[in-house]
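Report on the structure given below.
Only the coordinates and a few stated rules stand behind these numbers; no lab work does. Note that this is a predicted model, so its numbers are computed, not measured. Backbone-built Cβ (ideal geometry, glycine too); neighbour counts: all protein chains shown.
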Amino acid sequence: MEWVYDSASHRLMTFVKTRSGRIMQLTADDLGSLRAMYEAIVRKAVAA
């Protein structure tokens, strides 16, 4: 995962490289759903 700061728009852009080698940009929505998924996994692990 790579973060790039775009000084023109003052936004931090997130890029990931998939297994196939494609570069994909993650949006805030993608990051939000990834975070929710991660938090759900952590909750399950703690509860187990």
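What number, rounded to the nearest 500 deg cm²/dmol, is the helix-based mean residue ellipticity at 222 nm of the chain, given -39500 (n - 2.57) per DSSP H run of at least four residues and division by all its residues?
-14500 deg cm²/dmol
Output the 0 to 90 degree angle, nearest 10, between the alpha-carbon long axis of helix 28-47 and the longest principal axis computed from the alpha carbons of the chain.
The angle comes out near 20 degrees.
As an exercise, find the ratio Rg/Rh for the chain from alpha-carbon atoms, using the Kirkwood inverse-distance average for Rh.
Rounded to two decimals, Rg/Rh equals 1.12.
Treating only the Cβ of Lys, Arg, Asp and Glu as charged (+1, +1, -1, -1), what charge dipole size does the chain show about its Cα centre? Round to the nearest 20 debye.
220
Which order do the peptides 23-29, 42-48 come out in when sorted by mean C-beta neighbours inside 10 angstrom, highest first?
In decreasing order of mean packing, 23-29, 42-48 become 23-29, 42-48.
For segment 2-47, what does the relative contact order come out to in percent, with C-alpha contacts under 8 Å and a separation of six or more?
21
So, R0 is 35 Å and r is the distance between the beta-carbons of Ala28 and Ala48; what FRET efficiency does that work out to, to 0.05?
With a Förster radius of 35 Å, E is 0.70.
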